[in-house]
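See structure below.
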Amino acid sequence: VFTFSGGSVTNAAQPRVKPSFAKICGKTAAIAGTKRVALVVDFGRRVLTPKGEKVQKTITTCVSVAKEAIGFDVLAAVVKVRTSAGGFVCGFNGYPAKECGTEISTPKSLIPKK
């Protein structure tokens with residue numbers, strides 16, 4: 001999930017779609033030599049969208065990858081992954097277009113009401 005994290009917002013990183021392997025991959029047949037992975041890519045809340053960009057639609061899909069595949073391989077099978085020179089994952093499918101781990105102020109709508 002593209003999200004905000006900070007000590008004042010403890011639930012910001014929770015995906016809005018609850019993953020369910022049975023629901024996502026239940027109708028996908030297993031293929032010898034591969035593993036099935038239920039994948040949910042949540043592009044985040046509108047309040048966190050970088051200026052001038054639009055939140056992409058959440059992706060929910062079943063991916064069949066080689067048994068030795070790691071999480072990055074699963075993501076790359078579904079989305080174009082943008083990384084920094086140091087390997088930090090910065091975006092999927094061109095979202096966000098430019099930023100990578102940008103520090104922002106806590107959006108007012110995410111601050112828990114007391």
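The values are calculated or read from the model by the stated rules, or taken from the named source; none is laboratory data. Bear in mind that the values here come from a model prediction, so they are computed numbers and not experimental data. Virtual Cβ from ideal backbone geometry, glycine too; neighbours counted across all protein chains shown. Ligands, DNA and RNA are stripped out before the accessible areas are found, and what is left, the full protein with its side chains, is counted by its heavy atoms. Shrake-Rupley method; radii C 1.70, N 1.55, O 1.52, S 1.80 Å.
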> So how many residues does the stretch 42-53 have that are part of a helix (DSSP H, G or I) and either touching a Pro at 6+ places or on another chain (Cβ under 6 Å) or free of Cβ contacts under 8 Å to residues at least 24 places away in the same chain (or both)?
Replying inline: 2
>> Conditions first: (1) touching a Cys at 6+ places or on another chain (Cβ under 6 Å); (2) outside any helix (DSSP H, G or I); (3) at pLDDT 90 or above. Glu68 passes all but one, so which condition is the exception?
In response: (1)
> Is it true that Asp73 is modelled with pLDDT of 90 or more and among the charged types (D, E, K, R)?
Replying inline: yes
> Is at least one residue of the stretch 40-48 modelled with pLDDT of 90 or more and under 15 Å from the mean Cα position of the chain (by Cα)?
Replying inline: yes
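Count, please, the residues in the stretch 97-111 that happen to be aliphatic (A, V, I, L, M) and open to solvent by less than 40 Å² (accessible area, probe 1.4 Å).
Looking only at that region, the number is 1.
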> Across the stretch 71-96, what is the total count of residues that are in a loop (DSSP other than H, G, I, E, B), open to solvent by 60 Å² or more (accessible area, probe 1.4 Å) and touching a Cys at 6+ places or on another chain (Cβ under 9 Å)?
Replying inline: 1
> Using beta carbons and a limit of 7 Å, which pairs, at least six apart or on different chains, have the first residue in the stretch 68-85 and among the hydroxyl-bearing types (Ser, Thr, Tyr) and the second one open to solvent by less than 90 Å² (accessible area, probe 1.4 Å) and part of a loop (DSSP other than H, G, I, E, B)?
Replying inline: Ser84/Cys100
> Is there a residue in the stretch 54-65 that is open to solvent by 40 Å² or more (accessible area, probe 1.4 Å), among the small types (Gly, Ala, Ser) and part of a strand (DSSP E or B)?
Replying inline: yes
